[in-house]
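K.L.:
First the structure, then my questions, so here it is.
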Amino acid sequence: MAAEPPIREPAPAKINLYLHVTGRRPDGYHLLDSLVVFCDTGDRIEACAAGTLSLDYAGPFAADLPAPEDNLVMRAAHELAQTFEISKGARLTLFKSLPVASGIGGGSADAAAVLRALIRLWRIDPEDGRLAKLALSLGADVPVCLMTRPAIMRGIGEDLQLLPSFPELPLVLVNPGTGVSTPAVFKARTGDFSLAFDWPSGTVTADEVPGILDGTMNDLQVPAIAIAPVIADTLEVLQAQTGHLLARMSGSGATCFALFESTSAAHTAAHAIADAYPGWWVQAATVYGA
Ligand code: C5P
């Protein structure tokens, strides 16, 4: 009998188009209000049937990953098997194309992709409420990455409201090569908490998005710049590009994005930035609509 082809699951980059820190829980976790979207660039997981669980790495950022047993991907796989009492294994490969510790969900998106891949490989019922609990226990961004749909994320990441419609948006992602620690950025945040934003409930066009986002911000941008000043340079470079509409940091950084008025303007800007800053990771992409 021929071997089954591997199950492939994309782990798209996650972008926080805005991120308001609205409070802090007694356990130290911060309450958020964030518009989370995904785009057509990211990592990839492959899963093949096997007797035990194993993880291999490939791709341009594979060398920056921790030892496989310390990767969130392996924790996700072990905990999924444990939660659903699965005694099978899997041979996993992570193709790492996104920079590590960069605010675009890499680790969370990879963990969510491995959950989706193993749900298919092990034929688990995904409607089971235990999955949502397991996803949140792996990280605040894992539940939204499991959905991979435009969503308003509240609470610490568990309260998700999928947007019924959302436009495709051309953008450029830039990471200046500096990893930033998420706990350090949250810790460096000072001042009052923000109010939650009221994202329009009706249909929004691509032309309207930048204007609506003007009423929002990423509350982690200032503390992240204090830790890694190169983030301010990255934003300046994005703002200097022809056709850019709005430039901002994603998550806890250091990756920044800019929305562009057209796909061709985004590609032209990405080429120009990559030429001028050869050490930076630069990617033109399109935000998935809904
Ligand atoms: O959940 P995750 O592992 O992504 O979070 C990493 C760290 O970031 C947490 O340990 C916490 O210090 C901080 N964090 C937070 N509030 C959130 C998400 C993360 O304070 N909503």
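K.L.:
Quick check: net charge around Thr263, other residues with Cβ under 12 Å of its Cβ, Lys/Arg +1 and Asp/Glu -1?
P.N.:
Values: positive: none; negative: Asp40, Glu168, Glu261.
Cβ neighbours under 12 Å give a net charge of -3.
K.L.:
Considering only C-alpha atoms, what is the centroid distance from segment 257-290 to segment 106-183, in Å?
P.N.:
23 Å
K.L.:
Can you run phi through the Karplus equation (6.51, -1.76, 1.60; θ = phi - 60°) for segment 31-36 and list ³J(HN,Hα) in whole Hz, with x for Gly and Pro?
P.N.:
Once θ is set to phi - 60°, the couplings for segment 31-36 become 8, 10, 9, 9, 8, 10 Hz.
K.L.:
Please count, across the chain, the pairs of lysine residues with Cα atoms under 24 Å apart that sit 8 or more places apart or on different chains.
P.N.:
On the way: Lys14/Lys96; Lys14/Lys133; Lys14/Lys187; Lys88/Lys133.
So the count works out to 4.
K.L.:
Still on this structure, I have one more. How large is ³J(HN,Hα) for each residue in segment 87-92, as worked out from phi by the Karplus curve 6.51 cos²θ - 1.76 cosθ + 1.60 (θ = phi - 60°), to whole Hz, x for Gly and Pro?
P.N.:
So the Karplus estimates, Gly and Pro as x, are 9, 8, x, 6, 9, 9 Hz.
K.L.:
Suppose a student asked you for the relative contact order of segment 1-110, using Cα pairs under 8 Å spaced at least 6 residues apart; what percent would you report? Walk me through the numbers before you get to the answer.
P.N.:
On the way: 205 pairs, mean separation 36.9, N = 110.
Across segment 1-110, relative contact order equals 34 percent.
K.L.:
Using θ = phi - 60° and the Karplus curve 6.51 cos²θ - 1.76 cosθ + 1.60, what whole-Hz ³J(HN,Hα) does each residue of segment 45-51 get, with Gly and Pro shown as x?
P.N.:
Ordered by residue, 3J(HN,Hα) equals 10, 10, 10, 10, 4, 7, x Hz.
K.L.:
Among the GluC sites (Glu not before Pro) in segment 79-160, which ones are in a DSSP loop with at most 12 other Cβ atoms within 10 Å of the Cβ? Mind listing them? Walk me through the numbers on the way to the answer.
P.N.:
Working: sites: Glu79, Glu85, Glu127, Glu158; in loops: Glu85, Glu127, Glu158.
Within segment 79-160, the qualifying GluC sites (Glu not before Pro) (loop, at most 12 other Cβ atoms within 10 Å) are Glu85, Glu127.
K.L.:
Place the peptides 139-152, 56-69 in order of packing, highest mean first, counting for every residue the other Cβ atoms within 10 Å and averaging per peptide.
P.N.:
On the way: 139-152: 22.6, 56-69: 13.6.
Result, highest mean first: 139-152, 56-69.
K.L.:
Measure off 7 Å from each Cα along the Cα-to-Cβ vector at Ala274 and Asp128, then give the distance between these two points in nanometres to one decimal.
P.N.:
Here the modelled spin labels are 4.3 nm apart.
K.L.:
Can you sort His267, His78, His20 by how many other beta carbons sit within 10 Å, fewest first? Numbers along the way, then the final one.
P.N.:
Details: His267 15, His78 12, His20 22.
Ranked by crowding around the Cβ, least crowded first: His78, His267, His20.
K.L.:
What is the fewest-to-most order of Ile7, Ile231 by other Cβ atoms lying within 10 Å of their Cβ? The partial results should precede the final answer.
P.N.:
Numbers: Ile7 18, Ile231 25.
Starting with the residue having the fewest Cβ neighbours, the order is Ile7, Ile231.
K.L.:
Under 5 Å between amide hydrogens, which residues at least 5 positions from Val204 or on another chain qualify, with H placed 1.01 Å from N in the peptide plane?
P.N.:
Excluding prolines and chain starts, which carry no amide H, there are no hits.
K.L.:
While we're on this one: Check each of the chymotrypsin sites (Phe, Trp or Tyr not before Pro) in segment 172-232 and keep only those in coil by DSSP with at most 16 other C-beta atoms within 10 angstrom; list them in order. Please list the in-between numbers first.
P.N.:
Values: sites: Phe186, Phe193, Phe197; in loops: Phe193, Phe197.
Passing both the DSSP loop test and the Cβ count: Phe193.
K.L.:
Considering only the other residues whose Cβ falls under 15 Å of the Cβ of Pro66, what net charge follows from Lys and Arg at +1 and Asp and Glu at -1?
P.N.:
Working: positive: Arg75, Lys96; negative: Asp43, Asp56, Asp64, Glu69, Asp70, Asp110.
So the environment of Pro66 carries a net charge of -4.
K.L.:
What nm distance separates the two modelled labels at Glu158 and Ser201, each placed 7 Å from Cα along Cα→Cβ?
P.N.:
2.6 nm
K.L.:
Here is a further query. What does the charge count around Ile86 come to, taking other residues whose C-beta lies under 13 Å from its C-beta (Lys +1, Arg +1, Asp -1, Glu -1)?
P.N.:
Working: positive: Lys88, Arg120, Arg123, Arg130; negative: Glu79, Glu85, Asp125, Asp128.
My count for the surroundings of Ile86 gives 0.
K.L.:
Along the Cα→Cβ direction, 7 angstrom out, place labels at Ala63 and Ile86. What is the inter-label distance in nm?
P.N.:
The two pseudo-label positions are separated by 3.3 nm.
K.L.:
So what are the three principal axis dimensions of the chain from its Cα atoms, in whole Å, longest to shortest?
P.N.:
56, 44, 37 Å, listed from the longest principal axis down.
K.L.:
A further question follows. Restricting to Cα pairs below 8 Å that are 6+ residues apart, what does the relative contact order work out to for the chain? Please round to a whole percent. Present the calculation step by step, with values, prior to reporting the outcome.
P.N.:
Working: 653 pairs, mean separation 67.8, N = 290.
Dividing the mean separation by the residue count of the chain yields 23 percent.
K.L.:
Something else: Quick one: order Asp219, Asp70 by neighbouring beta-carbon count within 10 Å, fewest to most. Before the final figure, lay out the partial values.
P.N.:
Working: Asp219 22, Asp70 10.
Arranged by neighbour count, lowest to highest, Asp219, Asp70 become Asp70, Asp219.
K.L.:
Please quote Rg/Rh for segment 160-290 to two decimal places, taking the Kirkwood radius as Rh and restricting both calculations to Cα atoms. Don't jump to the answer; show the numbers that get you there.
P.N.:
Working: Rg = 15.2 Å, Rh = 15.6 Å.
Result for segment 160-290 is an Rg/Rh of 0.97.
K.L.:
To check you understand DSSP bridge types, tell me what percent of the beta bridges within the chain (both residues inside) are antiparallel, rounded to 5. It would help to have the intermediate numbers written out before the result.
P.N.:
Details: 48 of 55 bridges.
The antiparallel fraction comes to roughly 85 percent.
No lab work stands behind these numbers, since they all come straight from the coordinates. Note that this is a predicted model, so its numbers are computed, not measured. Note: ideal-geometry Cβ built from the backbone for every residue, glycine included; neighbour counts use all protein chains shown.
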